[in-house]
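The values are calculated or read from the model by the stated rules, or taken from the named source; none is laboratory data. No experiment lies behind these values; they were computed from the predicted model shown. Here Cβ is always computed from backbone atoms with ideal geometry, including for glycine, and neighbour counts include all displayed protein chains.
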There are 2 protein chains.
Amino acid sequence: MARPPTMEDVAREAGVSRALVSLVMRDSPQVSDKRRAAVLKAAEKLAYRPNILARNLASQRTRTLGVLVNDLHNPFFSEVLDGIEEEAEGGGLQVLILNGGRDPGRERRAIESFLQLRVEGLVLIGSRLDDAALIEAHSQAPTVVVASGRTHAAVDTITTHEARGAALAVDHLVSLGHRSIVHLDGAQNISATPRRDGYVAAMRSHGLEPRVALAGDTDGDAHAAIDEAMAASDPPSAIFAFNDLVAAGALDHLDDLQLRVPDDISVVGYDNTFIAGLHHLALTTINQPRVRMGRLAVSTLMERLNGGRGAQVQVELDPELVVRGSTSAPSFPTQSESTS
Amino acid sequence: MARPPTMEDVAREAGVSRALVSLVMRDSPQVSDKRRAAVLKAAEKLAYRPNILARNLASQRTRTLGVLVNDLHNPFFSEVLDGIEEEAEGGGLQVLILNGGRDPGRERRAIESFLQLRVEGLVLIGSRLDDAALIEAHSQAPTVVVASGRTHAAVDTITTHEARGAALAVDHLVSLGHRSIVHLDGAQNISATPRRDGYVAAMRSHGLEPRVALAGDTDGDAHAAIDEAMAASDPPSAIFAFNDLVAAGALDHLDDLQLRVPDDISVVGYDNTFIAGLHHLALTTINQPRVRMGRLAVSTLMERLNGGRGAQVQVELDPELVVRGSTSAPSFPTQSESTS
DNA sequence: TTGTAAGCGTTATCAC
DNA sequence: GTGATAACGCTTACAA
């Protein structure tokens, strides 16, 4: 690879000063049409491409956002990314994406990379970083946390009320007549706690006993948890899975076990990703407004970058129940019902 | 945000020269333990973070790879990314991800961004860029094209033989007894041509008439194409969809039409993403070794960066048929069969 | 082993 | 309008 041409080369070719070329590249109005044309022609001829590293270093600005995504495999995140990219494009911000891969160590390293690259803002989607790390990041670049299932003291937050979302799931199942409902817990996922807590509280409010089985946040994580739940003396009539991926895994394994959904057992997911909408899954689930969350994250960040805002931004959107075909009334009375 | 500390600040704090700090930061062995400790302590105290922009500018190296992904929504791509990230991490390369969003204009801008950032190599996954653009990119930074469904004259390529993959699908369906097989075409997708061509050739080799319906590469693109195909006087007994996403959309719409899969109609996808493996879809599909393709892309790039290699690398892996539950023998003889 | 000083390719502040 | 020239924060010979 030959050394790329520099501004100096273009200046020489066009017979002007380097500063003039710089002005043209940033299309400053205060350049004569004649010179501008000459510079552009020279740049074209040399296939000149501004060195962003040098530009950012000199200008002390990067106009770049770092977006850390918890898990690129989960469609939930790519849909939030859509919103982020739309809004960033409108604001003239470059978006850089790094994948946390559901690994806190990797998340830390990603943030470090972003900060070393001097991004002007950070968006953390579904990140597992603790408050200390968030505050540390925020002190270096304005940070907004998206979809963490709670608000954070010191950082702008865009999230949904996930405990309420979990309650929507439970209420729906209870209203159908279910009394024995197992929750497949999200384990290390940042949203595991609020969803589990919401589930537990909602169960109790109905006078029902919560039953939590440890699963995870991917489709492979449902298997063992289902086995455990179904092996109980009192198998559940419904399952509230941590998210759509886990719910899909649950559907698979219930199928292995010859259990029909929803006839033998009902299943609810969370996130309302496109997977839930597939007719063959037809997953009843809890919607989060993903694209909107992404857009809000970036617009919040932009307000901060533009110097506005003092108070923390804590947006908490409402989750919504989306009923599809994976839930129905239990086919026969559950044990707890028959004894009550 | 306070101005971040510079190397100069650290040097002053530690009572050494800036160059010494630089050596420590890149942990050079030729620094005395005493000084090293002092520098690290000062850096720690000031929460110093090297400015990568400045480092890259000065060293004329970035150790960074730009990865352009055609569509972050398609799980196929995130799985290729897994391979890329694994291999890059091993090689000490930073990976930057940009989303092409299935839009050639956006792809061009992404490449431009990467080149301006002076990435040392480019990986284009499922990119729609034409050869001229590829050659142009390759002249600036070694470029490897992944999963484009063909080899490219002037650029390293890691792909599978997609015409052969399509033939596997057709052969499978024909061996089950299907004779009327419609292909849902990938439209603008880079792989649309090889898969369609492979389909057409395979059909002809069996003495069957190819039937192509224009669809696309997302789950929403199947609807109209299915309607068109099923409205024909001679509706097909099997569908070979462009990819798993389209196949999933096809399953949905066939469901709308009250057609049972595979009893009334068989469906084959392409890519073997996790979606195909969901029991409720149980999609027969064509596998591409995604992670391996990602790893190969990066290892190829690294060889180039290390100065090795003259000849183009053209890796063409074999696609594989994965039979699941969405295909079976047609339930009743098709028209063409009954007349033969 | 450590320090000095000359870049790296820009932007930005001044003069002219 | 245009052109010098000093930053920007770092790396890297080359000296010491």
Does the stretch B:27-39 hold any residues that are within 29 Å of B:Val119 (Cα to Cα) and either small (Gly, Ala, Ser) or at pLDDT 95 or above (or both), and which are they?
B:Ser28
Of everything in the stretch B:229-259, what is among the acidic types (Asp, Glu), surrounded by fewer than 15 Cβ atoms within 10 Å (Cβ to Cβ) and farther than 22 Å from B:Asp171 by Cβ? Give them in sequence order.
B:Asp256
Filter result for the condition that a residue is at pLDDT below 95 and buried (at least 18 other Cβ atoms within 10 Å of the Cβ), over A:Leu296, A:Leu281, A:Leu305:
A:Leu305
(1) at pLDDT below 95; (2) over 23 Å from B:Arg63 (Cα atoms); (3) not basic (Lys, Arg): which one isn't true of A:Asp103, the others all being true?
(2)
Read through the list (1) buried (at least 21 other Cβ atoms within 10 Å of the Cβ); (2) of a type in the set (Asp, Glu); (3) within 11 Å of chain A (Cβ to nearest Cβ), then give the number of the only condition that B:Glu86 fails.
(1)
Among the residues listed as A:Asp156, A:Asp131, the single one being assigned by TED's automatic domain parsing to the domain that holds A:Leu296 and closer than 17 Å to A:Glu316 by Cβ:
A:Asp156
Out of (1) surrounded by fewer than 24 Cβ atoms within 10 Å (Cβ to Cβ); (2) not in a helix (DSSP H, G or I), what's the single condition that is false for B:His223?
(2)
Quick one: would you say A:Glu86 is within 15 Å of DNA strand D (Cβ to nearest atom), within 22 Å of A:Arg295 (Cα to Cα) and acidic (Asp, Glu)?
no
Report those helices (runs of 4 or more DSSP H) wholly inside the stretch A:1-77 carrying at least 1 residues which are more than 13 Å from chain B (Cβ to nearest Cβ), away from DNA strand C (no atom under 11 Å from the Cβ) and charged (D, E, K, R).
A:7-14, A:33-46
Top-ranked residue in the stretch B:117-136 [being within 13 Å of another protein chain (Cβ to nearest Cβ) and at pLDDT 95 or above; ranked as nearest to B:Gly186 (Cα to Cα)]:
B:Ile125
When you go through B:Ala141, B:Ala163 one by one, which is the residue that is crowded, with 20+ Cβ neighbours inside 10 Å and away from chain A (no Cβ under 14 Å)?
B:Ala163
Take the residues in the stretch A:75-121 that are among the hydrophobic types (A, V, I, L, M, F, W, C) and touching a residue at least 60 places away in the same chain (Cβ under 8 Å); name whichever of them is farthest from B:Ala54 (Cα to Cα).
A:Phe76
Please pick out the residue among B:Leu245, B:Leu281, B:Leu259, B:Leu254 that is within 14 Å of chain A (Cβ to nearest Cβ) and closer than 30 Å to B:Val145 by Cα.
B:Leu245
Name every residue in the stretch B:4-35 that is over 18 Å from B:Ala47 (Cα atoms) and near DNA strand D (Cβ under 7 Å from one of its atoms), in order of residue number.
B:Ala19
Report the residue count in the stretch B:89-98 for those that are surrounded by fewer than 21 Cβ atoms within 10 Å (Cβ to Cβ) and more than 10 Å from chain A (Cβ to nearest Cβ).
3
Residue by residue through the stretch B:36-74, note down the ones that are under 30 Å from B:Val145 (Cβ atoms), within 12 Å of DNA strand D (Cβ to nearest atom) and without any contact (Cβ under 8 Å) to a residue 60 or more places away in the chain.
B:Ile52, B:Leu53, B:Arg55, B:Leu57, B:Ser59, B:Gln60, B:Arg61, B:Thr62, B:Arg63
